[in-house]
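Just below is one structure, and these are the notes that go with it.
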Amino acid sequence: MHVQSFKIYCDLVETESFTKAAQVNGVTQSAVSQQITSLERQFKSLLIERSKKRFRLTREGEILYEYAKQLVQTHEALVHRIQEVKEIVSGTIRVATIYSIGLHALPPYITHFLKEFPTVNVHVEYQRANQVYDDVLGNVVDLGLVAYPSKDSRLEVIPLRDEPMALICHPRHSLARSRTLQLEQITGQKFIGFESDIPTRRAIDRLLRENGIEIRMAMEFDNIETVKRAVEIDAGISIVPTTTVESEVAKNSLAALRFQGINLVRPLALIHKRNKILSPAMQQFIEVLKSPVNGYERQ
């Protein structure tokens, strides 16, 4: 049978979703169902127990997945090795990223990468952090970009850089009178925060708790852009990566202040599934993301 049939089967097993398996392979859900039916007919075995409540493989389905995965990985390794020998860097790279990285830190890297490798297609999806991890583990995407990376034995984590953080406020806010401030100066202030399950929010909460700082949480949002808009109308202050507010500071709609005495940074990392076969294009893309300041990374 065609290798693509086994790949679709593996993607279905790993995502536990006909919709996602179809999305990954650029086919319809009906086509996925037809491929599974064809495999069951070929091996004269039921592979998946059909149930609306849960996705479950039969014993035969588990055996097929074990061997199909090896076959698919071997095929991918073969294709990528031939590309390496022929020095071909092409294909599609699927990237999932949290909003703040995708909208602000990532664009100059993609621009640089595509200038060097114009035949590569980089497809970027913006997701909440938990969805980035799910999509990487489910093979919906090849690579993920996250902040404060979580440890997971199923994932390879590649540290990228530490991103400076700053307090932002309205330019006429009392705190905006100086360029730097002590952390305790924000005690009692109205605060615009990220939602509680977002890693950056958890890190800020931990910083405030460890230093005995109490703030008044005024609003919570799930993305950086809405946080900035709330601070722009003077609904409160916030702590965000400096790269995300460069344009607002330049046009004086926000003020950004550094904290004295603490090195407040947000670690960024790239993740991919452990033992994933990386194409030459993916390898080159990772090298670009790991690059130090060299003219296309904003400071």
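Before moving on, here are some points about what is shown:
- Pairs over the 31 Å Cα-Cα cut-off, from the set Lys53/Lys273; Lys7/Lys53; Lys69/Lys115; Lys20/Lys151; Lys115/Lys151; Lys190/Lys251: Lys69/Lys115; Lys115/Lys151.
- Three-way shape label, segment 1-146, alpha-carbon gyration tensor, a/c 1.5: oblate
- Pair Arg177, Ile262: separation of 7 Å Cα→Cβ label points (nm): 2.2
- Among Gly91, Thr15, Ser150 - extreme Cα towards positive end, dipole of the chain, charges at beta-carbon: Thr15
- As a rough footprinting exposure proxy, the listed residues Ile110, Ile101, Ile224 were ranked by other beta carbons within 10 Å of their own, and the order from fewest upward is Ile110, Ile224, Ile101.
- Magnitude of the charge dipole, segment 3-85, Cβ model with Lys/Arg +1 and Asp/Glu -1, debye to 20: 360
- Here the chain is assigned +1 on the Cβ of each Lys and Arg and -1 on the Cβ of each Asp and Glu. Its dipole about the Cα centre then comes out at about 260 debye.
- Residues of type aspartates and glutamates that Lys44 reaches as a straight line, Cα spacing below 20 Å, ignoring anything fewer than 8 places off in the same chain: Glu60, Glu62, Glu66
- Charge dipole (Cα centre; +1 on Lys/Arg Cβ, -1 on Asp/Glu Cβ; no other charges) of segment 163-266 amounts to roughly 340 debye.
- Coordinate range along principal axes, alpha carbons of the chain, Å, largest first: 74, 48, 29
- Each peptide in 248-257, 231-240 receives the mean, over its residues, of other Cβ atoms within 10 Å, and ordering these scores from highest gives 231-240, 248-257.
- Estimated FRET transfer efficiency when R0 is 45 angstrom, pair Asn211-Glu66 (beta carbons, to 0.05): 0.35
- Highest average first, the peptides 268-275, 161-168 ordered by how many other beta carbon atoms sit within 10 Å of their residues are 161-168, 268-275.
Read the figures in this text as sums done on the coordinates, not as results from a lab. If you're wondering where the values come from, they're calculated on a predicted model, not measured in any experiment. When we count neighbours, we look across all protein chains shown, and the Cβ atoms used for this are built from the backbone with ideal geometry, even at glycine.
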